[in-house]
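**Student:** Structure incoming, see below.
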Amino acid sequence: MTAAAPILEVRDLAVAIGTRRVVDGVGFALAPGEVLALVGESGCGKSMTALALLGLLPGAARRVGGTIGFEGDDLARLPESRLRAIRGNRISVIFQDPSGSLDPLMTVGDQLAEGLRAHRDLDRTALRARSLEMLAAVGIAEPERRLAQYPFELSGGMCQRVMIAIALAAQPAVLLADEPTTALDVTIQAQILDLMKDLRRAHGTAIVLITHDMGVVADMADRVAVMYAGRIVETGRVDAIFADPRHPYTRLLLRSVPRLDDTPKTPMTVISGSVPGQGDWPPGCRFAPRCPLAEDACRAEIPASADLADGRRVACRRHADDAAWGRVA
Amino acid sequence: MSAPAATAAPLLEIEDLRVHFPLRRGLFGRAQGAVRAVDGVSLSMARGETLGLVGESGCGKSTLGNAILRIVEPSGGAIRLGGVDLARLEGEALRAARRKAQMVFQDPFASLDPRMRLGESIGEPLLVHGLARGAALRAKVSDLLARVGLQPEHADRYPPEFSGGQRQRLVIARALALSPDLVICDEPVSALDVSVRGQILNLLLELQRSLGTAFLFISHDLSVVRHVSDRIAVMYLGRIVEIAPRDTLFARPRHPYTQALISAIPLPDPKAQRARRRIILSGEIPSPARPPSGCSFHTRCPLATERCRTEIPVLAPATDGSQVACHLAT
Ligand SMILES: Nc1ncnc2c1ncn2[C@@H]1O[C@H](COP(=O)(O)OP(=O)(O)OP(=O)(O)O)[C@@H](O)[C@H]1O
Ligand code: SF4
Ligand SMILES: [Mg+2]
């Protein structure tokens with residue numbers, strides 16, 4: 001269990017699009033310097049959760065409940081002006097599509113400078129020196145040349161490095177990284193994940209890492225929160241979650257990815273049915289229609305979260321029913 | 001394992017296939033060099049075999065798959081399918097020969113016409129080629145739907161009513177309608193949710209077994225490719241750098257790029273992943289418009305020597321049935 005007071009503590013967060021609750025009662029705590037992986041499939045509400053934390057929800061989506069404790073404030077109650085001061089300063093964000101999050105009309109140098117100037121008073125020479133230093137720190141070759149270039153002149157991996165450089169310019173306490181390597185090739189992904197590990201070591205930045213890739217989770221996370229259909233169904237330390245998942249969804253998700261040590265050409269474990277549409281959740285436990293252990297009570301009401309001895313929380317009525325558990329996978 | 005007899009005539013033989021896209025400035029400008037998307041690929045596939053094709057974005061996997069079916073025009077080389085050179089056929093002859101090979105693309109949403117009933121979509125190839133109509137067509141469509149795990153009633157419904165996984169089943173059913181010898185699957189599960197991918201992979205495995213169709217399985221995901229393939233080819237900048245039986249490739253990758261690629265896959269096992277020694281390549285993937293001289297991997301290769309910068313390594317057979325294009329591979 002983590003002893004340090006959390007740097008970020010989210011409780012009962014809810015986001016709605018019209019009447020559909022796309023995030024419904026999400027809560028987690030992040031310790032300083034910790035990497036928390038928020039895992040789940042498309043539409044489960046991972047990205048909406050991250051966007052809601054900083055008041056960046058798109059279009060029709062609204063935060064309709066919850067508190068977001070950060071450095072003594074409740075971000076859910078702060079006015080936009082104060083949030084703006086926190087964004088990119090104490091909490092930074094990087095998104096999946098690096099080219100989409102950089103301004104296509106500004107050079108890399110100008111975007112870096114803008115990020116830097118927001119936090120510190122630096123003159124032109126100092127700005128340039130610091131920008132070059134940051135590009136070098138994220139592993140960009142020929143930083144002088146890159147400063148003058150526009151995003152379209154850079155590869156996806158380079159754009160993502162620039163995003164990370166900007167995100168970390170202020171040495172934030174928290175980095176929200178939403179699928180930061182999903183659009184990248186695996187050899188480039190390995191570089192970027194390594195870079196994120198280095199930066200966390202060097203600055204003690206805590207990271208909320210949103211991903212659907214169990215390999216990335218295994219590589220990066222201290223703790224894991226598994227989301228399904230707008231809710232967190234299981235949280236715990238990464239080893240515990242992988243060694244002995246206690247929610248049937250977690251267990252099936254882990255078993256249903258091909259592994260380098262499984263037997264090729266044999267039938268893979270599958271989860272029957274498909275992911276429900278965003279906000280279009282079935283009654284009771286939302287995993288019930290796909291769950292091999294579901295019983296009538298599961299379909300009747302949303303299961304409460306239970307705290308297990310190893311610090312885990314699980315929202316499954318049958319998490320301790322070892323006799324039935326063998327049927328999961 | 002269904003290791004096809006090595007002596008039988010290959011189903012597909014590709015020789016020195018090249019696809020170069022001219023690079024132009026402006027709409028009507030003169031060509032200024034070319035993107036060498038596929039740059040001298042030779043390979044063969046046996047009947048009933050699944051060949052996995054892996055490599056990173058832009059290395060030319062899709063272009064190679066598309067060139068085999070002449071969806072893009074090859075700039076040179078031969079593509080023999082069942083002994084007939086597709087690269088030399090035109091018109092009706094090409095259309096007839098193409099029946100023997102079908103394509104399944106990544107995006108099941110783009111691949112089906114939303115205004116056509118499923119039965120019509122799946123039956124269309126049969127109708128177009130004059131192979132079935134009326135009651136026989138309906139029976140054939142029902143049979144195809146059942147093969148891919150859907151119900152005959154689904155024939156009267158429209159694509160928007162189906163999830164991504166179900167649609168990919170439909171696309172596969174349509175590809176199978178003409179009983180092809182070869183199905184080229186280009187990233188068939190990449191657009192699907194993780195929990196649905198396994199369903200489609202299981203279906204493909206089942207079809208391999210029951211129909212004896214050969215599959216060229218294109219993916220950037222090595223774990224997925226490993227699960228379905230008999231042999232695997234690794235591409236880098238338009239060329240095949242290594243091709244080997246699946247287990248050989250993973251037990252003993254010979255090309256430095258294959259080694260790095262395998263070692264970069266994050267394993268879904270925290271202990272194993274963190275204990276692992278990894279090769280992290282430095283640098284970016286070069287543009288296929290300006291491939292490096294010599295071995296095109298030399299700009300990122302941890303082993304590169306002077307010779308690598310000047311001399312292109314050729315794909316040469318090794319003793320264990322693999323072929324490797326590297327000056328230093330043993
Ligand atoms: N019609 C085209 N015109 C010009 N260039 C093209 C065309 N199609 C592909 N290319 C270029 O050819 C190269 C190979 O592309 P291709 O799509 O075959 O790669 P890929 O391996 O399938 O990549 P991915 O994993 O991203 O699907 C790339 O540089 C691409 O930009
Ligand atoms: S030929 Fe040289 S540069 Fe190319 S892979 Fe082999 S060692 Fe590396
Ligand atoms: Mg492709």
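The values are calculated or read from the model by the stated rules, or taken from the named source; none is laboratory data. For clarity, every value in this text was computed on a predicted model and none was experimentally measured. Virtual Cβ from ideal backbone geometry, glycine too; neighbours counted across all protein chains shown. Side chains are part of the model used for accessible areas, which takes the heavy atoms of the whole protein and leaves out ligands, DNA and RNA. Shrake-Rupley method; radii C 1.70, N 1.55, O 1.52, S 1.80 Å.
**Student:** If I filter the range B:182-237 down to residues being among the small types (Gly, Ala, Ser) and more than 12 Å from chain A (Cβ to nearest Cβ), which single residue comes out as nearest to ligand 1 (Cβ to nearest atom)? Lay out the reasoning, then the answer.
**Tutor:** Restricting attention to the range B:182-237, the residues satisfying the condition of being among the small types (Gly, Ala, Ser) are B:190-191, B:195, B:198, B:210, B:212, B:214, B:219, B:223, B:229, B:233.
If we keep only those that are more than 12 Å from chain A (Cβ to nearest Cβ) too, we end up with B:210, B:212, B:214, B:233.
Values: B:SER210: 29, B:GLY212: 27, B:ALA214: 20, B:ALA233: 12 Å.
Top of the filtered list is B:ALA233.
**Student:** OK, next. Scanning the range A:249-286 for residues that are of a type in the set (Gly, Ala, Ser) and within 20 Å of B:LEU192 (Cα to Cα), which turns out farthest from the other protein chains (Cβ to nearest Cβ)? Quick ask: steps written out before the conclusion?
**Tutor:** Keep residues of the range A:249-286 that are of a type in the set (Gly, Ala, Ser), which gives A:256, A:272-274, A:277, A:279, A:284.
Next, only the ones that are within 20 Å of B:LEU192 (Cα to Cα) stay: A:256, A:272-274, A:277, A:279.
On the way: A:SER256: 5, A:SER272: 8, A:GLY273: 9, A:SER274: 4, A:GLY277: 9, A:GLY279: 16 Å.
Residue satisfying both the conditions and the ranking: A:GLY279.
**Student:** Any idea which of (1) open to solvent by less than 10 Å² (accessible area, probe 1.4 Å); (2) closer than 24 Å to A:GLY277 by Cβ; (3) of a type in the set (A, V, I, L, M, F, W, C) is the one B:LEU86 doesn't satisfy?
**Tutor:** (2)
**Student:** Suppose we filter B:SER57, B:SER62 for residues that are within 16 Å of ligand 3 (Cβ to nearest atom), out of contact with any helix residue (DSSP H, G or I) (no Cβ under 6 Å at 6 or more places or on another chain) and farther than 23 Å from B:LYS100 by Cβ; which single one remains?
**Tutor:** Only one candidate qualifies: B:SER57.
**Student:** Can we say B:ALA146 is away from chain A (no Cβ under 14 Å), away from ligand 1 (no atom under 16 Å from the Cβ) and touching a strand residue (DSSP E or B) at 6+ places or on another chain (Cβ under 6 Å)? Don't jump to the end; show me each part of the working.
**Tutor:** On the way: away from chain A (no Cβ under 14 Å): yes; away from ligand 1 (no atom under 16 Å from the Cβ): yes; touching a strand residue (DSSP E or B) at 6+ places or on another chain (Cβ under 6 Å): no.
No; evaluated as a whole, the condition is false for this residue.
**Student:** Among the numbered criteria (1) farther than 16 Å from A:GLY273 by Cα; (2) more than 20 Å from the chain's Cα centre (by Cα); (3) charged (D, E, K, R), which single criterion is violated by B:GLU161?
**Tutor:** The failed condition is (1).
**Student:** Here are some conditions: (1) more than 22 Å from B:GLU56 (Cα to Cα); (2) touching a Ser or Thr at 6+ places or on another chain (Cβ under 9 Å); (3) surrounded by 19 or more Cβ atoms within 10 Å (Cβ to Cβ); (4) modelled with pLDDT under 90. A:LEU135 meets all but one. Which one does it not meet?
**Tutor:** Here A:LEU135 clears every test but (2).
**Student:** Now, a different point. Collect the residues in the range A:103-122 that are of a type outside the set (Asp, Glu) and loosely packed, with under 14 Cβ neighbours inside 10 Å, keeping them in residue-number order. Working first, answer last.
**Tutor:** Narrowing the range A:103-122 to residues of a type outside the set (Asp, Glu): A:104-109, A:111-113, A:115-120, A:122.
If the condition is that a residue be of a type outside the set (Asp, Glu) and loosely packed, with under 14 Cβ neighbours inside 10 Å, then A:PRO104, A:LEU105, A:ARG117, A:ARG120 are the ones that fit.
**Student:** When the range A:154-173 is examined, which residues are found to be in contact (Cβ under 8 Å) with a residue 40 or more places away in the chain and of a type in the set (Gly, Ala, Ser)? Give the derivation first.
**Tutor:** First, pick out the residues of the range A:154-173 that are in contact (Cβ under 8 Å) with a residue 40 or more places away in the chain: A:154, A:156, A:159-160, A:162-170, A:172-173.
Those that are in contact (Cβ under 8 Å) with a residue 40 or more places away in the chain and of a type in the set (Gly, Ala, Ser): A:GLY156, A:ALA165, A:ALA167, A:ALA169, A:ALA170, A:ALA173.
**Student:** Counting just the residues of the range B:171-195 that are over 24 Å from B:ALA96 (Cβ atoms) and surrounded by 23 or more Cβ atoms within 10 Å (Cβ to Cβ), which one comes out modelled with the lowest pLDDT? Walk me through how you get there before you give the answer.
**Tutor:** Here is the first cut: in the range B:171-195, the ones over 24 Å from B:ALA96 (Cβ atoms) are B:187-195.
From the residues that got through so far, the ones that are surrounded by 23 or more Cβ atoms within 10 Å (Cβ to Cβ) too are B:188-189, B:192, B:195.
On the way: B:PRO188: 92, B:VAL189: 92, B:LEU192: 86, B:SER195: 78.
Taking the candidates together, the pick is B:SER195.
**Student:** Select from the range B:67-86 the residues that are in contact (Cβ under 8 Å) with a residue 60 or more places away in the chain and either of a type in the set (Ser, Thr, Tyr) or part of a helix (DSSP H, G or I) (or both) and list them in ascending order. It would help to see each step written out before you state the result.
**Tutor:** Initially, the range B:67-86 is screened for residues in contact (Cβ under 8 Å) with a residue 60 or more places away in the chain, giving B:68-69, B:76-83.
Answer for the range B:67-86, where residues must be in contact (Cβ under 8 Å) with a residue 60 or more places away in the chain and either of a type in the set (Ser, Thr, Tyr) or part of a helix (DSSP H, G or I) (or both): just B:ILE68.
**Student:** Another question, then. How many of the residues making up the range A:278-293 are in contact with a Cys (Cβ under 9 Å, 6 or more places away or on another chain) and open to solvent by 30 Å² or more (accessible area, probe 1.4 Å)? Let's see the steps before the verdict.
**Tutor:** Start the filter on the range A:278-293 by keeping residues that are in contact with a Cys (Cβ under 9 Å, 6 or more places away or on another chain), which leaves A:278, A:284-285, A:287-288, A:291, A:293.
Keeping just the survivors that are open to solvent by 30 Å² or more (accessible area, probe 1.4 Å) gives A:278.
The number of residues fulfilling the criteria is 1.
**Student:** When you scan the range B:310-330, how many residues do you find that are closer than 19 Å to B:GLY40 by Cβ and either near ligand 2 (Cβ under 8 Å from one of its atoms) or in a loop (DSSP other than H, G, I, E, B) (or both)? Before the answer, list the steps.
**Tutor:** Restricting attention to the range B:310-330, the residues satisfying the condition of being closer than 19 Å to B:GLY40 by Cβ are B:310-317, B:322-327, B:329.
Next, from what is left, pick out any that are either near ligand 2 (Cβ under 8 Å from one of its atoms) or in a loop (DSSP other than H, G, I, E, B) (or both): B:311-315, B:322, B:325-327, B:329.
Qualifying residue count for the region: 10.
**Student:** Within the range B:37-66, restricting attention to residues that are within 12 Å of ligand 1 (Cβ to nearest atom) and part of a loop (DSSP other than H, G, I, E, B), which residue is farthest from the other protein chains (Cβ to nearest Cβ)?
**Tutor:** Kept after step one, since they are within 12 Å of ligand 1 (Cβ to nearest atom), are these residues of the range B:37-66: B:37-39, B:41, B:53-66.
Narrowing further to those that are part of a loop (DSSP other than H, G, I, E, B): B:55-60.
Details: B:GLY55: 9, B:GLU56: 4, B:SER57: 5, B:GLY58: 9, B:CYS59: 9, B:GLY60: 14 Å.
Residue satisfying both the conditions and the ranking: B:GLY60.
**Student:** Now, a different point. Taking the residues in the range B:38-48 that are open to solvent by 10 Å² or more (accessible area, probe 1.4 Å) and on the phi < 0 side of the Ramachandran plot as candidates, determine which candidate is farthest from ligand 2 (Cβ to nearest atom). If you could, list the steps in order and put the result at the bottom.
**Tutor:** Pass one, the range B:38-48, residues open to solvent by 10 Å² or more (accessible area, probe 1.4 Å): B:39-40, B:42-44, B:46-48.
Checking which are on the phi < 0 side of the Ramachandran plot leaves us with B:39, B:42-44, B:46-47.
Numbers: B:ASP39: 15, B:SER42: 18, B:LEU43: 19, B:SER44: 23, B:ALA46: 28, B:ARG47: 32 Å.
The extreme case among them is B:ARG47.
**Student:** Using the structure shown, decide if B:PRO253 is under 19 Å from A:GLN191 (Cβ atoms) and more than 9 Å from chain A (Cβ to nearest Cβ). Reasoning before the result, please.
**Tutor:** On the way: under 19 Å from A:GLN191 (Cβ atoms): no; more than 9 Å from chain A (Cβ to nearest Cβ): yes.
Answer is no for this residue.
**Student:** Quick one: in the range A:34-45, of everything that is surrounded by fewer than 24 Cβ atoms within 10 Å (Cβ to Cβ) and modelled with pLDDT under 95, which residue is farthest from the other protein chains (Cβ to nearest Cβ)?
**Tutor:** Out of the qualifying residues, it is A:GLY43.
**Student:** Scan the range B:256-275 for residues that are within 9 Å of another protein chain (Cβ to nearest Cβ) and either over 23 Å from the mean Cα position of the chain (by Cα) or open to solvent by 30 Å² or more (accessible area, probe 1.4 Å) (or both) and jot them down. Even if it seems obvious, please write down each step before you answer.
**Tutor:** Just the residues of the range B:256-275 that are within 9 Å of another protein chain (Cβ to nearest Cβ), to begin with: B:257, B:260-274.
Answer for the range B:256-275, where residues must be within 9 Å of another protein chain (Cβ to nearest Cβ) and either over 23 Å from the mean Cα position of the chain (by Cα) or open to solvent by 30 Å² or more (accessible area, probe 1.4 Å) (or both): B:LEU267, B:PRO268, B:ASP269, B:PRO270, B:LYS271, B:ALA272, B:GLN273, B:ARG274.
**Student:** Right, next: Name every residue in the range B:89-118 that is touching a Lys or Arg at 6+ places or on another chain (Cβ under 9 Å) and buried (at least 20 other Cβ atoms within 10 Å of the Cβ), in order of residue number.
**Tutor:** Once the filter is applied, which keeps residues that are touching a Lys or Arg at 6+ places or on another chain (Cβ under 9 Å) and buried (at least 20 other Cβ atoms within 10 Å of the Cβ), the range B:89-118 yields B:GLN102, B:VAL104, B:PRO108, B:LEU112, B:LEU118.
**Student:** Sticking with this one: For the range A:221-242, which positions are open to solvent by 10 Å² or more (accessible area, probe 1.4 Å) and under 20 Å from A:ILE94 (Cα atoms)?
**Tutor:** Answer for the range A:221-242, where residues must be open to solvent by 10 Å² or more (accessible area, probe 1.4 Å) and under 20 Å from A:ILE94 (Cα atoms): A:ASP222, A:ARG223.
**Student:** Of everything in the range A:176-220 that's more than 9 Å from chain B (Cβ to nearest Cβ) and over 16 Å from the mean Cα position of the chain (by Cα), which residue is most open to solvent (accessible area, probe 1.4 Å)?
**Tutor:** Once the filter is applied, the top-ranked residue is A:ARG201.
**Student:** While we're here: Looking at this structure, is B:ALA136 modelled with pLDDT of 90 or more and either open to solvent by less than 80 Å² (accessible area, probe 1.4 Å) or not in a helix (DSSP H, G or I) (or both)? Before you say what the answer is, go through the steps one by one.
**Tutor:** On the way: modelled with pLDDT of 90 or more: yes; either open to solvent by less than 80 Å² (accessible area, probe 1.4 Å) or not in a helix (DSSP H, G or I) (or both): yes.
Spelling it out, B:ALA136 is indeed modelled with pLDDT of 90 or more and either open to solvent by less than 80 Å² (accessible area, probe 1.4 Å) or not in a helix (DSSP H, G or I) (or both).
**Student:** Would the range A:232-248 turn up any residue that is assigned to a loop (DSSP other than H, G, I, E, B), within 25 Å of B:ALA275 (Cβ to Cβ), facing chain B (nearest Cβ under 10 Å) and in contact (Cβ under 8 Å) with a residue 12 or more places away in the chain?
**Tutor:** No, that holds for no residue.
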